[in-house]
Amino acid sequence: MNLTQIIKSFPEDFIFGTATSSYQIEGTSFGACGDSHWDSFARKENATYKNQNGSIACNHIQNWEKDLDLIANAGFSAYRFSFSWPRLLIDGKKQRNNQGFGFYDRLLDGMLERGMLPFATLYHWDLPKVLADKGGWSNRDTCKWFADYTENIMKSFGDRLYSVATINEPWCVAWLSHYLGHHAPGLRCMNAAVKSMHLILVAHSKAADVMKSFDQQNIGIVLNKEHFIPATNSEEDISACNLSDEIYNLWFDEAIFKGQYPTRTLEIFKEFMPKDFESDLPKISQELDWIGVNYYTRSIIKADKSEKNVGFQSISGELPKTDMGWEIFPQGLSALLKRQIINYSKTIPIHITENGMANNDNLIEGVVNDKERINYYKLHLKEIKTLIDDKAPIKSYFAWSLLDNFEWAFGYEKRFGLVHVDFNTQKRVPKNSYYAFQKALKST
Ligand code: FCB
């Protein structure tokens, strides 16, 4: 089966869309945007590839109409985007930036005029620097400021949003950024990491409360999932693998769907957990309208006693890899989704909010022949289709990403787009993967 045949075999009301995030595409030097912790992180020597940052990115602020046209012309009926907190509230708290509000006002109207469903994300990692300087996600006050920011969004935009996710990928916000140090704020601190693992969920719950008070429909959260396998069959590796699965995947599922944390991880985390954290769990496990899943790869886990807190590391596997070095393992997506549905989300709608690959694309005479990417999409969509045939409540699929963009610490080196971007001229050239989706979606 080719991509067209697979896409055509999906139910008629299944939603196909594409996704981006504010810091990765907008360009913070346009339209009076406040500093975020990604700006300050990128100013640190060697924190990002060639010290690159999001000040220009895809200059989406000036090119948004063109970009929405690209989405519509591909035949996508939904667009997953994120609001930039420092663009809306320069001081992170009260100071409304009219230029920022004006931008999202036009962007949302532009989506609706083109018949697209706006899937909004409130937080896709651009925390205002002023709040990061006060402790960011390891400071409980940030949850309150996030609730105030949510209220501002509800007042100005709520009625135009088809769905809203509170947080994109809490594991990345907390563990990847505060323990592994790969993302802003770039800490390697168990205390800050554990506090953030809890407080990001408190922030989620407070934003959900605010949205419910506005009667907002379709509220969810986006979790990133990775499939873990042990490096060997030794007891140590299996145990390490289970722990890594708990920290990455189950910590969030257990809290959101069952109002508890996995016992083994909690035992390791307990000395750093915020006081009275248990009292937050009922709110964290409040009912949601949907759950978002981002999936890219699997990880192979090896016990490593020299790692003093959690005792494991991930090692490279042998499957074919994307340009990120991530193994291509579509079966991991179905395994994770099955467990998600059976053990946790049951009949709640699932949106596949991100899936895609970085590829070493070449633009030759106006053409990017990214057949590897088309194949990646095909393989993952096939897994999803099989689950839907088995009655899984999966409602949408978003290709990551519309545009080549600022891939965080990897800067502009890694290209995930359906559309090639020349970062010197801002010229957009649809890749063959874009045309493959267009062919399938325009003919359905
Ligand atoms: C996800 C992020 C997204 C992008 C992709 C490749 O973890 O949500 O912004 O970086 O990975």
> What's the Cα-based Rg to Rh of the chain, Rh via Kirkwood?
Replying inline: 0.93
> When we measure straight from the Cα of K270, which lysines land under 19 angstrom away, once same-chain ones fewer than 8 places off are left out?
Replying inline: K195, K258, K308
> How about region 1-62: which trypsin sites (Lys or Arg not before Pro) there are in a DSSP loop, with at most 16 other Cβ atoms within 10 Å of their Cβ?
Replying inline: K44
> For a label point 7 angstrom out from the Cα of K66 toward its Cβ, which stretches of region 394-418 have the backbone nitrogen within less than 17 Å?
Replying inline: 402-406, 417-418
> What FRET efficiency would be calculated for the residue pair K8, K321, taking the C-beta separation as r and a Förster radius of 35 Å, to the nearest 0.05?
Replying inline: 0.75
>> Using only the heavy atoms of the protein chains and a 1.4 Å probe, how would K321, K270 rank by accessible area, largest first?
In response: K270, K321
> Ignoring ligands and nucleic acids, what accessible area does K382 show with a 1.4 Å probe (Å², nearest 10)?
Replying inline: 100 Å²
>> Would any residue of region 261-293 have its amide N under 17 Å from a label point 7 Å out along Cα→Cβ of N191? List them or say none.
In response: 269-276
> In region 48-116, which chymotrypsin sites (Phe, Trp or Tyr not before Pro) fall in coil by DSSP and have 10 or fewer other Cβ atoms within 10 Å?
Replying inline: none
> Roughly speaking, to the nearest percent, how much of region 279-323's 1.4 Å accessible area is carbon and sulfur?
Replying inline: 48 percent
>> Just to verify a number: what accessible area does T425 come out at with the full protein assembly present, 1.4 Å probe, Å² rounded to tens?
In response: 90 Å²
> With every protein chain in place, what's the accessible area of K144 (1.4 Å probe, Å², nearest 10)?
Replying inline: 110 Å²
> Residue farthest toward the positive end of the dipole of region 334-444, with Cβ of Lys/Arg at +1 and Asp/Glu at -1: which of T353, P430, F406?
Replying inline: T353
> Just by accessible area at a 1.4 angstrom probe, what is the order of E151, E365 from largest to smallest?
Replying inline: E365, E151
> How far, in nm, would the chain grow between Q260 and D159 when pulled straight, counting 0.36 nm per residue and subtracting the alpha carbon separation?
Replying inline: 33.1 nm
>> I'd like to verify something in the chain: which complete DSSP H helices, judged by Cα projection on the helix axis, reach 18 Å or more and average at least -0.5 on the Kyte-Doolittle scale?
In response: 98-113, 190-213
> Rounded to the nearest 500 deg cm²/dmol, what is the calculated helix-only ellipticity per residue at 222 nm for the chain, with -39500 (n - 2.57) per DSSP H run of length n ≥ 4?
Replying inline: -11000 deg cm²/dmol
>> For region 129-174, what does the accessible surface come to per residue with a 1.4 Å probe? Please give it in Å².
In response: 32 Å²
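The values are calculated or read from the model by the stated rules, or taken from the named source; none is laboratory data. Computed from a predicted model, the values in this text were never measured in an experiment. Glycine also receives a Cβ, built like all others from the backbone with ideal geometry; neighbour counts cover every protein chain displayed. To get the accessible areas, we keep the full protein, side chains included, count just its heavy atoms, and leave off ligands, DNA and RNA. Shrake-Rupley method; radii C 1.70, N 1.55, O 1.52, S 1.80 Å.
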